[in-house]
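Comments concern the structure below.
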Amino acid sequence: MRLSEGKQYLWYASYGSNLNEDRFLCYIKGGSPAGSTRFETGCTNSALPIAESTFIINYPLYFAKEAAGWQSQGVAFIKSNRDEDSVTYSKKYLITTDQFFDVVKQENSGLVFDMDLNEVIEKGSNIFRENAWYGNIIYLGEDDGYPIFTFTAPWDSGNVEVNKPSHSYLATIIKGLKTDYTMEEVFHYLKNKPGITGFFTDEELTRLISDTES
């Protein structure tokens, strides 16, 4: 498919803290999400998403880097190569193309960039900045006539060390997951993810899931 000028909407598929709608809306309306020290500027167009739904991304999830806004601990990325055996839970939001670009900009600390989304559709992905944490936009198919996009790191995941996410960051993800999945499903989904396994005991992860409000 091609994204025409008249088709102003697209799906943004989130897999990290934006699984939590309250956190994602800070990117739309502006504000500081719970557990983070960072203030988001919001989108030029602050209209709410016109639809949302769960979505499975067949790219492996991992946690890495040290995000200053999240206690200088790990945040979520997906590897850049599709893997049909990998299941990454996502929530996708139907937003305008301009809002999507504003979200990507905020995720990359205000980085100004230019990107032709039709080129992303044709290639499957496109790196717009090599040193930007979320400088790689990926096309994931379409739903209801609208293209689905997400973004991740431009680097090879094998060249970055995994890192444990903070409790507040992981709780933000868990809160989003618990709106659609049971506590047991959330536990089994997260427990073996790089950055979780070996960093959280089963007891610690279970307690965090239990204590996090849905």
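Please work out the FRET efficiency for the pair Asp22 and Thr201, using the Cβ-Cβ distance as r and a Förster radius of 30 Å; give the result to the nearest 0.05. Let's see the in-between values first.
On the way: r = 28 Å, r/R0 = 0.93.
Taking R0 as 30 Å, the efficiency between Asp22 and Thr201 is 0.60.
Using Cα centres only, tell me the gap between the range 187-206 and the range 98-172 in whole Å.
Centre-to-centre distance over Cα atoms comes out at 24 Å.
Can you give the charge dipole size of the chain about its Cα centre, rounded to the nearest 20 debye, using +1 on the beta carbon of Lys and Arg and -1 on the beta carbon of Asp and Glu? All intermediate terms of the calculation are to be shown ahead of the outcome.
On the way: 19 positive and 30 negative charges, 71 e Å.
Rounded to the nearest 20 debye, it is 340 debye.
Please give every one of the aspartates and glutamates within straight-line cross-link reach of Lys92, meaning a C-alpha to C-alpha distance under 17 Å, and leave out same-chain neighbours fewer than 8 residues apart.
Glu21, Asp22, Glu52, Asp102, Glu107, Glu142, Asp143, Asp144, Asp180
Using a basic spin-label model with each label point 7 Å from the Cα along Cα→Cβ, how many nm lie between Ser86 and Ile50?
Taking the two extended label points, one gets 3.2 nm.
When the accessible area of the chain is split by element with a 1.4 Å probe, what percent falls to carbon and sulfur? Don't jump to the answer; show the numbers that get you there.
Values: 4400 of 9970 Å².
The nonpolar share, carbon plus sulfur, comes to 44 percent.
Skip the ligands, DNA and RNA, and give the accessible area per residue of the chain with a 1.4 Å probe, whole Å².
Details: 9970 Å² over 214 residues.
Each residue of the chain exposes 47 Å² on average to a 1.4 Å probe.
The values are calculated or read from the model by the stated rules, or taken from the named source; none is laboratory data. These figures come from a predicted structure and were not determined experimentally. In this analysis, Cβ positions are derived from the backbone assuming ideal geometry, glycine residues included, and neighbour counts consider all displayed protein chains. Surface areas here come from the heavy atoms of the whole protein model, side chains and all, with no ligands, DNA or RNA. Shrake-Rupley method; radii C 1.70, N 1.55, O 1.52, S 1.80 Å.
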